[in-house]
Amino acid sequence: MAESWQFFVVLLTVSFGAGLLGALLGLGGGVILVPALTLLLGVDIRYAIAASIVSVIATSSGAAAAYVRDGITNMRIGMFLETGTTAGAVTGALVGGLLSGRALYLIFSVIIAYCACAMFQRRRQEAVAATQGDAIARRLRLGGTYHDPALGHHVEYCAHNTLPVLGLTYVAGIVSGLLGIGGGPLKVPAMDIAMRLPIKVSTATSNFMIGVTAAASAIIYFMRGQIHPALAGPVAAGVLAGALTGARLMGRVRGKAIRILFSGLLAVLAAQMLLKALG
């Protein structure tokens, strides 16, 4: 009995931390939760991914509402890119049943190592300069303005490279369905680097999108019987509490700090998962 309570407390603590960082970084918490469940608590990776998919929905529900209220989330960009991620999530969930656990670990490590490098290279950039964006972005009004309390002024922006980024979000959806990470490790860099959005808009919009992406693939994991209520329930509760806390902290954190935290965390996880893939 004592061991079960200890497991439950550790599970809630890890889930809270995953939700907190997931809300700040737009990752949904899955990129932290899956390694934590598998490496620290010894949970089978397939059950960990299924529980993470459920937690991603909880993160999106908690953090996205706060970011929409504060005007950081760009719902037009989110709905535009969601067409790609939802299709990709279904594809990834279907393909995931054909891959071994070692292959999933290897894919996970390569994806997040790339994201760590991409974000670290842009660590000194605080906010983008306002530009007109490309023709599609202007036609669809994929731009906006938000107030950044950390900078003390309003930030104006507009999207670029909209069609290439739409393709990238399809790939991000596949990653979400395969690994249970919400696609954030690809969507945030795609919006931040290729679309040239402010990092806070990228993470907030990613939080808005990840819930729909995860819901599309969660159905398939549920049909396979891989969503275990005793695991997914506490994980979702802890992640939701962490996500709400992270959303409150967003306004006080500078964009540079978010990028450095993003890249450092992903680099550590990439190394851990690569070692796991190599046995």
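Any read-out appearing in this document is the output of simple, stated calculations on the displayed coordinates, not a laboratory observation. Given the structure is predicted, the values throughout are model-derived calculations rather than measurements. FYI the Cβ positions are ideal-geometry reconstructions off the backbone, even for glycines, and counts take in every protein chain you see.
Size estimate for the chain follows the Kirkwood approach: the inverse of mean 1/r over distinct Cα pairs works out to 18.1 Å.
Would you mind classifying the range 148-270 by shape? Square roots of the alpha carbon gyration tensor eigenvalues, ordered a ≥ b ≥ c; an a/c under 1.5 is rounded, otherwise it is prolate if a/b is larger than b/c and oblate if not. The shape class here is oblate. Placing unit charges on the Cβ atoms of the charged side chains and taking the dipole of the chain about its Cα centre, the candidate lying farthest along the positive direction among Pro164, Gly133, Ile72 is Gly133. Within a straight-line Cα-Cα reach of under 29 Å, Lys256 can be paired with the following lysines, leaving aside sequence neighbours fewer than 8 residues apart in one chain: Lys187, Lys200. Here the chain is assigned +1 on the Cβ of each Lys and Arg and -1 on the Cβ of each Asp and Glu. Its dipole about the Cα centre then comes out at about 480 debye. Which one, Ile193, Ile210, Ile136, has the greatest fluctuation when you compute a Gaussian network model over the chain with C-alpha springs under 10 angstrom? Maximum among the listed residues: Ile136.
Please identify, among Ala118, Ala247, Ala218, the residue showing maximal mean-square fluctuation in a Gaussian network model of the chain using a 10 angstrom Cα cutoff. Comparing Ala118, Ala247, Ala218 in the GNM, the peak value goes to Ala118.
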